[in-house]
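The values are calculated or read from the model by the stated rules, or taken from the named source; none is laboratory data. Remember, it's a predicted structure, so these values are computed and weren't measured experimentally. Because the Cβ atoms are built from the backbone with ideal geometry, glycine has one as well, and the counts that use them run over all protein chains shown. We work out accessible area using only protein heavy atoms, side chains counted, and drop any ligands, DNA or RNA first. Shrake-Rupley method; radii C 1.70, N 1.55, O 1.52, S 1.80 Å.
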Amino acid sequence: MKKHFILAIETGGTKIQLVLGSDKGEIFYRYRTCVEREKGFEGILDRVTEALPSLIKKAAELGGTICRIGIGFGGPVHTSTGTAIWSAQIDGWGNFPVAQYFEEKTGIPTRLYNDSNAAAWGEYCLGAGRGTNIFFYTNIGSGVGGGIVIDGKLFDGQGFGVAEFGQSYLYDPCYQGNSIYPVNHIERICSGWGIEARLRREAIPEDSILLELCGHRQQELDCRMWGQGIHKGDAFSLKILEEMAEYFAIALCNVLCFYSPEVIAVGGGVSLIGEPLLERIRRYTEQYVYQNCKGRYRIVKSELDEDVVLAGTLLLTGADERAR
């Protein structure tokens, strides 16, 4: 008897991941490639399309076929139609029928999900959210997203996405935008790309290890080097970490006021900095959180790490298949 695999695809701002897995969130085979941002959405479609034959072949080698495709998309989507609304990181996705595109390419039924929603569901079912009634997941990667589970159900608003944590605004006296008020998105302040933009534009002290790490080519500074600076105790790196964590924590306090999650899990590439980041987020959250939430929540690292979107996509796609 042939096995039935789900092909889960994650398309973000920096990486593309494709895996063969099960409706229980198990991953049996993975394929990874990079996003060429300058090529826009067509570059991502090309990369995924090029990889499909090898995934189909691998499914056959494993004794099965691909029965469903699920896509965790890096931006807001209209869930019921499988349409990408837009992407803050990659140009060209506006109102693109992603699910229809892949169904026409492969003949395989396809479902589309927001990546942070999929991640929230994966982490709730298989990771740090297990056993909670209200759970919030947020990622700090190339962008910042969010997803919420309430009473065991993934909350998707009106079907166009919800908990777009990275798009919430905070006062930012350093931001020079078009508004008469100095306000800024959490994503612009705290995302990996936002942090890298700051590292590349600010005056870095001559004694900072960051200059050594980038070979004095400031425009090449990235979050990996910043993380090294943090772990080596570099004062400038720690200053940026302190400020970023405080902004992020203030935004989390708003989530706590509205939804009162028992657990908040933080994922994404920037979260791999680990305790230096999480300890500061916890400290500032406790400083600013409303009194009724004190002692009634935990902020933890995502347990599923880089598999979180894929695991959630597998679970959601399998559930949708069973519901049909």
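Within region 260-281, track down each residue that is free of Cβ contacts under 8 Å to residues at least 24 places away in the same chain and open to solvent by 10 Å² or more (accessible area, probe 1.4 Å).
Filtering region 260-281 for residues free of Cβ contacts under 8 Å to residues at least 24 places away in the same chain gives 275, 278-279.
Passing the criteria: Glu275, Glu279.
Mind listing just one residue for me: the one in region 163-198 that is aliphatic (A, V, I, L, M) and touching a residue at least 24 places away in the same chain (Cβ under 8 Å) and, of those, nearest to Gly147 (Cα to Cα)?
Keep residues of region 163-198 that are aliphatic (A, V, I, L, M), which gives 163, 170, 180, 183, 186, 189, 195, 197.
The next check asks that each one be touching a residue at least 24 places away in the same chain (Cβ under 8 Å); those that pass are 163, 170, 186, 189, 195.
Details: Ala163: 5, Leu170: 19, Ile186: 15, Ile189: 19, Ile195: 22 Å.
My answer is Ala163.
Can you tell me how many residues in region 85-116 are at negative phi, among the polar types (S, T, N, Q) and part of a loop (DSSP other than H, G, I, E, B)?
Summing the residues that are at negative phi, among the polar types (S, T, N, Q) and part of a loop (DSSP other than H, G, I, E, B) in region 85-116 gives 2.
Checking the condition under 26 Å from Gly267 (Cα atoms) and either open to solvent by less than 60 Å² (accessible area, probe 1.4 Å) or of a type in the set (D, E, K, R) (or both), which residue from Gly92, Gly64, Gly25 passes? Before you say what the answer is, go through the steps one by one.
Working: Gly92 fails: under 26 Å from Gly267 (Cα atoms); Gly64 fails: under 26 Å from Gly267 (Cα atoms).
None of the other options fit; the residue is Gly25.
Against the condition open to solvent by less than 40 Å² (accessible area, probe 1.4 Å), touching a Cys at 6+ places or on another chain (Cβ under 6 Å) and aliphatic (A, V, I, L, M), how does Val162 come out, does it pass?
Details: open to solvent by less than 40 Å² (accessible area, probe 1.4 Å): yes; touching a Cys at 6+ places or on another chain (Cβ under 6 Å): no; aliphatic (A, V, I, L, M): yes.
For Val162, the condition - open to solvent by less than 40 Å² (accessible area, probe 1.4 Å), touching a Cys at 6+ places or on another chain (Cβ under 6 Å) and aliphatic (A, V, I, L, M) - is not met.
Residue-by-condition table, conditions (1) of a type outside the set (Gly, Ala, Ser); (2) more than 19 Å from Arg322 (Cα to Cα):
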residue	(1), (2)
Lys2	yes, no
Lys15	yes, yes
Val19	yes, yes
Gly25	no, no
Cys34	yes, yes
Gly40	no, yes
Val48	yes, yes
Ala51	no, yes
Cys67	yes, no
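State which residue pairs qualify: first residue under 23 Å from Ile16 (Cα atoms) and inside region 115-137, second residue charged (D, E, K, R) and part of a strand (DSSP E or B) in any location, beta carbons under 8 Å apart, and separation of 6 or more residues or different chains.
Going by the 8 Å Cβ cut-off, the qualifying pairs are Asp115/Glu10.
For region 138-159, enumerate the residues that are open to solvent by 40 Å² or more (accessible area, probe 1.4 Å), free of Cβ contacts under 8 Å to residues at least 60 places away in the same chain and closer than 16 Å to Phe258 by Cα. Write out each step before concluding.
Let us first name the residues in region 138-159 that are open to solvent by 40 Å² or more (accessible area, probe 1.4 Å), namely 150-151, 153-155, 157-158.
Narrowing further to those that are free of Cβ contacts under 8 Å to residues at least 60 places away in the same chain: 151, 153, 155, 157-158.
Of everything in region 138-159, those that are open to solvent by 40 Å² or more (accessible area, probe 1.4 Å), free of Cβ contacts under 8 Å to residues at least 60 places away in the same chain and closer than 16 Å to Phe258 by Cα turn out to be Asp151, Phe155, Gly157.
Please go through region 296-324 and pick out each residue that is open to solvent by less than 20 Å² (accessible area, probe 1.4 Å) and touching a Lys or Arg at 6+ places or on another chain (Cβ under 6 Å).
Ile299, Thr317
Is it true that Ile44 is modelled with pLDDT of 95 or more, on the phi < 0 side of the Ramachandran plot and of a type in the set (Val, Ile, Thr)? Let's see the steps before the verdict.
Numbers: modelled with pLDDT of 95 or more: no; on the phi < 0 side of the Ramachandran plot: yes; of a type in the set (Val, Ile, Thr): yes.
It is false that Ile44 is modelled with pLDDT of 95 or more, on the phi < 0 side of the Ramachandran plot and of a type in the set (Val, Ile, Thr).
Could you please find all residues in region 138-149 being in a strand (DSSP E or B) and under 9 Å from the mean Cα position of the chain (by Cα)?
To start, the set of residues in region 138-149 that are in a strand (DSSP E or B) comprises 138-140, 144-149.
Thr138, Asn139, Ile140, Val144, Gly145, Gly146 - these are the residues of region 138-149 that are in a strand (DSSP E or B) and under 9 Å from the mean Cα position of the chain (by Cα).
Determine whether region 291-306 contains at least one residue that is more than 27 Å from Phe135 (Cα to Cα) and either among the hydroxyl-bearing types (Ser, Thr, Tyr) or in contact with a Pro (Cβ under 6 Å, 6 or more places away or on another chain) (or both).
Taking region 291-306 and keeping what is more than 27 Å from Phe135 (Cα to Cα), we get none.
No, region 291-306 has no match at all.
If we scan region 257-269, do we find a residue that is aliphatic (A, V, I, L, M) and farther than 24 Å from Gly312 by Cα? Steps first, please.
The first filter runs over region 257-269 and keeps only residues aliphatic (A, V, I, L, M), leaving 263-266.
Next cut, farther than 24 Å from Gly312 by Cα only: none.
Checking region 257-269: not a single residue is aliphatic (A, V, I, L, M) and farther than 24 Å from Gly312 by Cα.
Pull up region 126-137, narrow it to residues that are in a strand (DSSP E or B) and open to solvent by less than 10 Å² (accessible area, probe 1.4 Å), then point me to the one that is nearest to Ser191 (Cα to Cα). Walk me through how you get there before you give the answer.
Of the residues in region 126-137, the ones in a strand (DSSP E or B) are 134-137.
Right, trim to open to solvent by less than 10 Å² (accessible area, probe 1.4 Å) and you get 135-137.
Numbers: Phe135: 21, Phe136: 18, Tyr137: 15 Å.
Top of the filtered list is Tyr137.
Output the qualifying pairs, or none if there are none: Cβ atoms under 6 angstrom, residues six or more apart or on different chains, first residue in region 219-233 and in contact (Cβ under 8 Å) with a residue 60 or more places away in the chain, second residue acidic (Asp, Glu) and exposed (fewer than 13 other Cβ atoms within 10 Å of the Cβ).
none
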